[in-house]
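The next block holds one structure in the form of structure tokens; read it before the comments.
The values are calculated or read from the model by the stated rules, or taken from the named source; none is laboratory data. Keep in mind that what you see is a predicted model, and the values were worked out from it rather than measured. Because the Cβ atoms are built from the backbone with ideal geometry, glycine has one as well, and the counts that use them run over all protein chains shown.
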Amino acid sequence: MNRIAEASLIVGSAVLAALGVAIANLSSGGSVDAQVALTFVSFVVSWGGLWVTVRRLTPGANPYLLPLASILSAVGMVEVYRLNPSLGSLQRWWLLTAAALGSLTILWLRDGTAVLRRYRYLLLMAGVLLLMSPLLPGSLPLGGVTVNGSRLWLRLNLWGDSSLQFQPGELGKLALIVFFASYLAERRQALTLVHRKVGTLEIPEPRQLMPLLVAWLASLIVMVYQRDLGASLLLFAVFMAMLYMATGQAVFPLTGVGLFAIGTAGAFQAFSHVQRRYSAWIAPFDDFEGAGYQIVQSLFAMGSGSIAGSGIGLGRPDLIPSAATDFIFAAIAEETGFVGAVGVLIGFALLVAAGFGIAVRSRDPFRKLLAAGITTVIGVQSIIIIGGVTRLLPLTGITLPFMSYGGSSLLSNTVALSILLVISQEEHR
Amino acid sequence: MNRSIRLVAAGVYLFFGLLVLMLTYIQVIRGPEYRDDERNPRLLAARAGRERGPIVARDGRLIAESLEVSSQTAAFERTYPFDDLFAHPVGYATFLFAERGLESERSADLSSSRNLTFSGMIDELLGRDTDGQGLRLTLSPELQEAARAGLGTQLGAVVAIEPSTGEVLAMYSSPTYDPNQLVAGDTAYGDAINRDPTKPLLDRTRAELYPPGSAFKVITTAAALESGTANARTLFEDVPELILPGSTSTISNFNQGLCNGGEPVTLAVAFARSCNTVFGQLGLELAEDDFVDMAQAFGFNQDLGLDMELIESEIPTDFTSNRAGMAQSAIGERDVRATPVQMAMVAATVANGGISMQPYLVAETFERDLTVIQTMQPAIRERAIGPGTAAALKDLMINTVNQGTGRSAAIEGAEVGGKTGTAQGPGGNPDLWFIGFARNDERAIAIAVVVEDGGLVGADGTGGAVAAPIARNVMAAWLAGS
């Protein structure tokens with residue numbers, strides 16, 4: 001794929017977003033207005049700008065990542081705008097900020113990702129602090145906020161009553177993955193080769209299992225103190241996958257799954273909100289006005305969309321709770337139908353395929369693990385939330401990368417995408 | 001490492017594959033089912049915002065119409081010009097509080113199927129009828145007003161029926177509520193009427209069962225006359241208290257008195273004075289089948305065929321080892337329970353010579369341009385009693401209004417008959433009944449009135465004192481015409 005095709009696809013995604021906004025306007029009785037033009041311009045400036053940066057600084061980077069991400073974000077933008085035009089215009093600002101941050105990441109790492117390795121303990125600390133920061137008392141100028149029973153948000157009080165809210169965990173997650181990639185790249189020999197014999201069974205040296213325990217504890221802390229089952233599940237699944245990819249030994253993820261099962265069973269016993277999630281997953285219609293409400297609304301939305309969908313602006317995705325964030329996929333599935341929903345899944349599958357391709361082609365274990373880790377996060381995160389709204393998995397609140405409304409998610413995913421781009425450039429040299 | 005990376009990638013793709021399967025299941029296989037599920041708020045949202053056909057009273061006055069609230073999104077809102085007067089039979093169609101009453105039961109006819117979907121456009125192109133239909137009801141605003149004025153703040157219900165056609169002329173339940181406030185989305189009001197212990201949302205005319213008490217003696221008498229067990233002149237012993245066989249229960253008269261000074265009393269006099277001991281004896285003498293079959297012929301344990309939801313009135317069907325229970329049932333106590341619609345039907349059947357007409361509220365459906373689509377034809381539900389029995393019963397009931405417990409139902413210049421009831425209700429104070437009919441040269445009407453818990457009078461309330469005057473005013477309003 002040449003660069004012109006890549007650029008055309010990005011402009012295509014801008015056209016897609018602008019057309020979608022126009023259709024959303026028209027179907028609610030409005031007209032083609034400045035919003036359409038603003039959307040087009042913001043897409044050209046953000047994704048186009050990122051493309052220019054890549055073109056200048058890392059010309060050998062993978063050409064599929066940017067167009068796929070920009071198309072996914074165009075579909076997400078249209079649905080967010082259709083649900084709430086003012087969120088849509090905020091999302092445009094987030095998109096521009098994210099692209100700027102992505103460009104800065106590429107600028108910083110243009111000589112390679114090795115620099116990340118150097119700062120790995122700093123990144124570990126930063127990641128843990130970011131993950132824990134919402135636990136800060138809400139009375140401080142920079143303090144945690146509880147939203148919908150989960151404590152994931154950090155609020156920075158600015159002047160007067162104005163404040164800025166963000167989910168530090170999104171960036172913290174990325175920092176932890178970078179740390180894990182470099183830690184595992186270094187220790188994977190030890191993890192693989194040093195064994196202790198127990199009878200006829202060879203098990204890894206207990207000391208080597210420390211990172212596993214750390215990951216387990218970290219995800220339990222997130223689950224218990226921040227009541228964020230989705231982030232906890234995501235962190236743990238990605239760490240286990242990375243451990244497995246680093247060592248090739250299934251004993252790690254299997255032990256991990258066992259530990260996680262014990263942790264989850266304990267949480268199930270101890271926390272009523274975990275029990276409610278479980279029963280809402282198994283039998284949502286039994287309590288469709290209570291615990292099962294969200295998932296039932298999601299099923300009704302997607303079912304009403306059927307094969308071809310209601311059309312943008314013609315369904316009632318506004319009846320789904322948290323439609324612009326956690327349930328964006330259900331809203332898209334209602335308005336674009338099975339066809340559109342499968343299209344979104346294909347988009348994610350292609351993005352993930354490109355990411356794993358970069359990982360497989362990388363020659364350096366750190367870059368390999370980093371690329372695989374970032375790709376796994378994007379893949380697993382979309383599986384957890386899409387699986388949640390389609391009842392494949394228990395519902396846990398988490399954003400859909402590039403599509404949900406939300407600045408923190410868009411920023412961290414764009415930075416992660418930029419790191420992937422840099423890694424693909426490094427292999428090209 | 002590449003092997004394990006590929007395996008993880010394969011795991012991720014496996015899950016994407018499972019997601020496609022879930023989507024297929026939800027959107028393709030179960031899609032139509034989820035779309036049409038009654039709990040899917042889209043159904044209501046779609047109907048609530050769309051134009052609905054009007055609902056008009058029998059005189060053509062508007063009871064419900066759709067007003068356009070926003071021309072841009074073609075959103076309509078229901079409005080009810082009579083406010084709370086027709087709240088129970090007509091109900092409401094709102095976004096926030098869903099639908100109720102005829103607005104719910106006839107929603108499919110009333111709603112326009114015009115919409116912006118592809119199939120909607122095809123219907124439009126093919127010229128299929130997409131406008132909502134209008135409904136003309138048999139209800140009369142004047143009679144509803146008379147019922148409301150009569151009941152006032154008392155809890156209860158009034159149902160009036162045209163005996164020869166089955167048209168429901170009045171259907172009023174007290175307390176009522178204002179559907180316009182629900183349309184406006186007033187959640188405080190919605191919560192208040194939901195929590196109100198007097199249950200304003202409950203339609204007492206057709207969704208509540210009351211012990212009919214002495215009003216049920218019309219059916220006991222019908223069974224006695226039809227089976228030949230007794231006639232109007234048959235003499236009964238006048239005892240202050242009837243001891244029931246195989247039980248410690250007794251039946252006594254109102255105020256524990258005698259009915260006829262201890263002298264033997266005719267069925268006619270006992271009917272007019274509503275003597276419980278006499279009807280208890282009659283209950284013991286009647287064959288079980290004659291009694292139960294008669295109640296069922298009048299509609300107990302049956303679907304009356306009303307064109308709205310109506311709960312069935314109840315009478316036990318097996319008294320073989322419970323003669324005491326039959327004696328108590330003969331005076332409308334024990335386990336006998338009736339809706340006001342059922343009791344109005346009893347009066348209407350007697351007034352119509354024993355022929356029970358199927359009751360209905362929707363007289364016709366019409367198009368937007370007022371052309372009539374369908375007119376309801378009166379239909380015989382059942383020949384409950386022979387004309388001779390009906391005539392005899394009618395005389396007994398007229399006698400009751402002329403010189404018995406129903407005197408306050410009398411209307412000058414009209415033939416009025418009735419039966420009062422003062423039933424032991426669950427509230428402590430009695431439920432007060434009047435069922436009856438009135439006729440002049442032009443018009444006829446049958447009615448049932450029930451006032452809960454003794455009404456404003458309380459423990460000393462009687463059907464004759466409290467319910468009969470309400471019935472009188474509603475019947476007089478009908479006979480006066482307009």
Could you please tell me which pairs satisfy a Cβ distance under 9 Å, a separation of 6+ or placement on different chains, a first residue in segment B:238-264 that is at positive phi and touching a residue at least 24 places away in the same chain (Cβ under 8 Å), and a second residue that is among the small types (Gly, Ala, Ser) and surrounded by 13 or more Cβ atoms within 10 Å (Cβ to Cβ)?
B:Gly246/B:Ala324
If we scan segment B:78-96, do we find a residue that is modelled with pLDDT of 85 or more, of a type in the set (S, T, N, Q) and within 30 Å of B:Leu432 (Cα to Cα)?
no
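Go through segment A:362-374 and give me each residue that's more than 23 Å from the chain's Cα centre (by Cα) and either assigned to a helix (DSSP H, G or I) or among the small types (Gly, Ala, Ser) (or both).
Applying the first criterion (more than 23 Å from the chain's Cα centre (by Cα)) to segment A:362-374 yields A:363-365.
Result: A:Pro365, single match.
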Just need a number here: residues in segment A:311-363 that are at the interface with chain B (Cβ under 7 Å from one of its Cβ atoms) and farther than 21 Å from A:Gln381 by Cα.
4
Note on A:Ser8: of the conditions (1) outside any helix (DSSP H, G or I); (2) more than 24 Å from A:Asp318 (Cβ to Cβ); (3) among the small types (Gly, Ala, Ser), unmet is (1)
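Filter segment B:351-396 down to residues that are in a loop (DSSP other than H, G, I, E, B) and in contact with a helix residue (DSSP H, G or I) (Cβ under 7 Å, 6 or more places away or on another chain) and give me whichever is farthest from B:Glu415 (Cα to Cα).
First, pick out the residues of segment B:351-396 that are in a loop (DSSP other than H, G, I, E, B): B:352-354, B:358-359, B:361, B:367-371, B:376-379, B:384-386.
Going one step further and asking which of them are in contact with a helix residue (DSSP H, G or I) (Cβ under 7 Å, 6 or more places away or on another chain), we end up with B:353-354, B:359, B:361, B:384-386.
Working: B:Gly353: 15, B:Gly354: 17, B:Pro359: 23, B:Leu361: 26, B:Ala384: 22, B:Ile385: 21, B:Gly386: 21 Å.
Per the criteria, the residue is B:Leu361.
Taking segment B:34-44 as the search range and keeping residues that are free of Cβ contacts under 8 Å to residues at least 24 places away in the same chain, in a helix (DSSP H, G or I) and more than 7 Å from chain A (Cβ to nearest Cβ), which one is surrounded by the most Cβ atoms within 10 Å (Cβ to Cβ)? Give the steps one after another, and end with the answer.
First, pick out the residues of segment B:34-44 that are free of Cβ contacts under 8 Å to residues at least 24 places away in the same chain: B:34-43.
Now restrict to residues that are in a helix (DSSP H, G or I): B:34-36, B:41-43.
Retained after the next criterion (residues that are more than 7 Å from chain A (Cβ to nearest Cβ)): B:36, B:43.
Working: B:Asp36: 12, B:Leu43: 18.
In this case the residue turns out to be B:Leu43.
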Among (1) surrounded by fewer than 23 Cβ atoms within 10 Å (Cβ to Cβ); (2) touching a Gly at 6+ places or on another chain (Cβ under 6 Å); (3) more than 10 Å from chain B (Cβ to nearest Cβ) - the single one A:Tyr293 does not satisfy
(2)
By residue number, the members of segment A:299-315 that are closer than 18 Å to A:Val75 by Cα and buried (at least 22 other Cβ atoms within 10 Å of the Cβ) are A:Ala301, A:Met302, A:Gly305, A:Gly309, A:Ser310, A:Ile312, A:Gly313, A:Gly315
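Among B:Ile63, B:Ile55, B:Ile5, which is the only one that is modelled with pLDDT of 90 or more, facing chain A (nearest Cβ under 7 Å) and surrounded by 17 or more Cβ atoms within 10 Å (Cβ to Cβ)?
Being modelled with pLDDT of 90 or more, facing chain A (nearest Cβ under 7 Å) and surrounded by 17 or more Cβ atoms within 10 Å (Cβ to Cβ) holds for just one of B:Ile63, B:Ile55, B:Ile5, which is B:Ile5.
Quickly run through segment A:367-389 and pick out the residues that are of a type outside the set (A, V, I, L, M), surrounded by 24 or more Cβ atoms within 10 Å (Cβ to Cβ) and in contact with a Phe, Trp or Tyr (Cβ under 8 Å, 6 or more places away or on another chain). I'd like the intermediate steps shown before the answer.
In the first step, residues of segment A:367-389 are kept if they are of a type outside the set (A, V, I, L, M); the result is A:367-368, A:373, A:375-376, A:379, A:381-382, A:387-388.
Remaining after also requiring surrounded by 24 or more Cβ atoms within 10 Å (Cβ to Cβ): A:367-368, A:373, A:375-376, A:379, A:381-382, A:388.
Across segment A:367-389, the qualifying residues are A:Gly373, A:Thr375, A:Gly379, A:Ser382.
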Given (1) closer than 22 Å to B:Pro340 by Cα; (2) not aliphatic (A, V, I, L, M); (3) not in a helix (DSSP H, G or I), where does B:Thr221 come up short, assuming only one miss?
(3)
Of the conditions (1) assigned to a strand (DSSP E or B); (2) surrounded by fewer than 15 Cβ atoms within 10 Å (Cβ to Cβ), B:Glu412 satisfies every one except a single condition; which number is it?
(1)
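Is it the case that A:Leu392 is part of a loop (DSSP other than H, G, I, E, B) and crowded, with 24+ Cβ neighbours inside 10 Å? Quick ask: steps written out before the conclusion?
Values: part of a loop (DSSP other than H, G, I, E, B): yes; crowded, with 24+ Cβ neighbours inside 10 Å: no.
Against the criterion (part of a loop (DSSP other than H, G, I, E, B) and crowded, with 24+ Cβ neighbours inside 10 Å), A:Leu392 does not qualify.
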Among (1) crowded, with 24+ Cβ neighbours inside 10 Å; (2) modelled with pLDDT under 85, A:Ile320 falls short only on (2)
Filtered residues of segment B:12-33 (kept if more than 16 Å from A:Ala330 (Cβ to Cβ) and either surrounded by 22 or more Cβ atoms within 10 Å (Cβ to Cβ) or within 8 Å of chain A (Cβ to nearest Cβ) (or both)):
B:Val12, B:Tyr13, B:Phe15, B:Phe16, B:Leu18, B:Pro32, B:Glu33
May I ask you to say which residue of A:Leu107, A:Leu83 is of a type in the set (A, V, I, L, M, F, W, C), touching an Asp or Glu at 6+ places or on another chain (Cβ under 7 Å) and in contact (Cβ under 8 Å) with a residue 24 or more places away in the chain?
A:Leu83
Within segment A:49-64, does at least one residue satisfy the condition of being more than 14 Å from chain B (Cβ to nearest Cβ), touching a residue at least 60 places away in the same chain (Cβ under 8 Å) and over 20 Å from A:Leu107 (Cβ atoms)?
yes
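On the given criteria, is A:Phe285 assigned to a helix (DSSP H, G or I) and either among the basic types (Lys, Arg) or over 21 Å from A:Val389 (Cβ atoms) (or both)? Show your work before the answer.
Values: assigned to a helix (DSSP H, G or I): yes; either among the basic types (Lys, Arg) or over 21 Å from A:Val389 (Cβ atoms) (or both): no.
For A:Phe285, the condition - assigned to a helix (DSSP H, G or I) and either among the basic types (Lys, Arg) or over 21 Å from A:Val389 (Cβ atoms) (or both) - is not met.
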Quick one: count up the residues across segment A:240-254 that are farther than 18 Å from A:Leu193 by Cβ and modelled with pLDDT of 80 or more.
4
Within the set of pairs 6 or more residues apart or between chains, which connect a residue that is more than 10 Å from chain B (Cβ to nearest Cβ) inside segment A:369-391 to a residue that is of a type in the set (Asp, Glu) and crowded, with 24+ Cβ neighbours inside 10 Å with Cβ atoms less than 7 Å apart?
A:Ile385/A:Asp326
